[in-house]
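Just below is one structure, and these are the notes that go with it.
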Amino acid sequence: MESTSTVLRQLRGAQKTAKGVSLYSRYVNRPAGRIFAVGAYRLGMTPNQVTLVSAVFTFGALGGVALVRPGPWLAVLVYLGLVVGFALDSADGQVARLTGRGGPDGEWLDHVVDCAKMVLVHTAVLVSFHRWFALPGDGWLLLPLGFLFVAVLTFCAGLLREQLGKKAEAAPAPAAPPSRLRAVALLPADYGVFCLVFLLLGDETAFRAGYAVLAAVHALFLVLFLGKWFRELKGLRTY
């Protein structure tokens, strides 16, 4: 079996394009995913097994949000669980490209886990708000529901943009060099940055404020993304 350094070099050469990726995913999550991918490769794990391990970390952390009274120690554990789950979510694709064992089933499973994660993360916050938080008013319970709506709509619209674009494009356009400015601008919409808000779970007021700010930012990005994706698909019309 190849040395760790050799496997890492192979993984660096098999990365997805950095276009449309935030600085966090480019410089934190993907490199962390490479480390996990090396470990999974050496253990003989399949990409689908890595996806399921990712789900265990993510769903375990979200279970803690819903079922355990918030506190500083829970904040750290939840953050670590979500961040490790996110890095493993990057690792499964890297293992697939390294071993050539990827396929439609793996892509399907990855999307299913991603969708479940988006639904559960805001559902867990809603449950935590209801069970543990001394909310100023019941209207705060609508915040996780609104954030959930934004997250699911962004995910589904983006996935449809990708799939419909593939069908309409005769050949993929040459990849433009990744923009550093765009990578910085996308940081607030990055899931890895979103995970940081859970470090505030030990302080109810700080967590509510941080979560509300992120909800507003994600709603703004949704509006911008919908307009952009609609114009791009309209530009692919052949009539």
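The values are calculated or read from the model by the stated rules, or taken from the named source; none is laboratory data. Here the structure is a predicted model, which is why all the values come from computation and not from measurement. We place every Cβ from the backbone using ideal geometry, glycine too, and count neighbours over all the protein chains shown. The protein model used for the area step is the full one, side chains on, heavy atoms only, and it has no ligands, DNA or RNA in it. Shrake-Rupley method; radii C 1.70, N 1.55, O 1.52, S 1.80 Å.
Taking only complete DSSP H runs, can you tell me which helices of the chain stretch 15 Å or more along their own long axis by Cα positions and average at least -0.5 on the Kyte-Doolittle scale?
Working: long enough: 30-43 (19 Å, 0.25); 47-67 (30 Å, 1.30); 72-99 (40 Å, 1.15); 104-132 (41 Å, 0.35); 142-168 (38 Å, 1.20); 204-234 (44 Å, 0.86).
Membrane-span-like by this rule: 30-43, 47-67, 72-99, 104-132, 142-168, 204-234.
Please build a GNM for the chain, connecting alpha carbons under 10 Å apart, and tell me which residue among L181, L120, L201 fluctuates the most.
Judging by the Gaussian network model, the answer is L181.
With the contact rule set at Cα under 8 Å and sequence spacing of 6 or more, what percent relative contact order holds for the stretch 108-239? Intermediate results must be reported in sequence, preceding the final value.
Details: 65 pairs, mean separation 40.0, N = 132.
So the answer I get is 30 percent.
Taking 0.36 nm per residue of sequence separation and subtracting the Cα-Cα distance, how much length would be gained by fully extending the chain between L142 and V112, in nm to one decimal? Walk me through the numbers before you get to the answer.
On the way: separation 30, 0.36 × 30 = 10.80 nm, distance 2.50 nm.
Here the answer is 8.3 nm.
Compute the distribution of all C-alpha to C-alpha distances in the stretch 120-239, in bins of 10 Å from 0, and list the percent of pairs in each, rounded to whole numbers.
11, 36, 28, 16, 8, 1
Take the Cα pairs of the chain, get the Kirkwood Rh, then feed it into Stokes-Einstein at 4 °C and 1.567 mPa s and tell me D in µm²/s.
For these conditions, the coefficient is 67 µm²/s.
Counting only protein heavy atoms and a 1.4 Å probe, tell me what percentage of the stretch 108-239's accessible area is made up of carbon and sulfur.
Details: 5420 of 7580 Å².
In the stretch 108-239, the share of accessible area belonging to carbon and sulfur is 72 percent.
Among T123, T99, T51, determine the one that fluctuates most according to a GNM of the chain built with springs between C-alpha atoms less than 10 Å apart.
Maximum among the listed residues: T99.
How high is the relative contact order of the chain, in percent, with contacts defined as C-alpha pairs under 8 Å that are six or more residues apart?
Relative contact order for the chain comes out at 28 percent.
Starting from the Cα-Cα distance between F133 and A209, subtract it from 0.36 nm times their residue separation and give me the gain in nm to one decimal. Could the numbers behind the result be given before it?
Numbers: separation 76, 0.36 × 76 = 27.36 nm, distance 1.29 nm.
Using 0.36 nm per residue and subtracting the Cα-Cα distance, I get 26.1 nm.
Putting +1 on Lys and Arg Cβ atoms and -1 on Asp and Glu Cβ atoms, find which of A55, V65, Q94 reaches farthest to the positive end of the dipole of the chain.
Q94
Ignoring everything except DSSP H segments at least 4 long, calculate the 222 nm mean residue ellipticity for the chain; use -39,500 (n - 2.57) per segment, divide by total residues, nearest 500.
On the way: 9 runs with 170 residues, N = 239.
After summing the helix terms and dividing by residue count, I get -24500 deg cm²/dmol.
For the chain, modelled as a Gaussian network with Cα springs under 10 Å, which listed residue fluctuates most, P70, P31, P136?
Per the Cα network of the chain with a 10 Å cutoff, P136 tops the list.
With charges only on Cβ, +1 for K and R and -1 for D and E, what is the dipole size of the chain about its Cα centre, in debye, rounded to 20? Before the final figure, lay out the partial values.
Details: 23 positive and 14 negative charges, 160 e Å.
The dipole magnitude comes to about 780 debye.
What number comes out for accessible area per residue over the stretch 81-234 if the probe is 1.4 Å? Units Å², please. Working shown, then result.
Values: 8000 Å² over 154 residues.
Computed with neighbouring chains in place, this is 52 Å² per residue.
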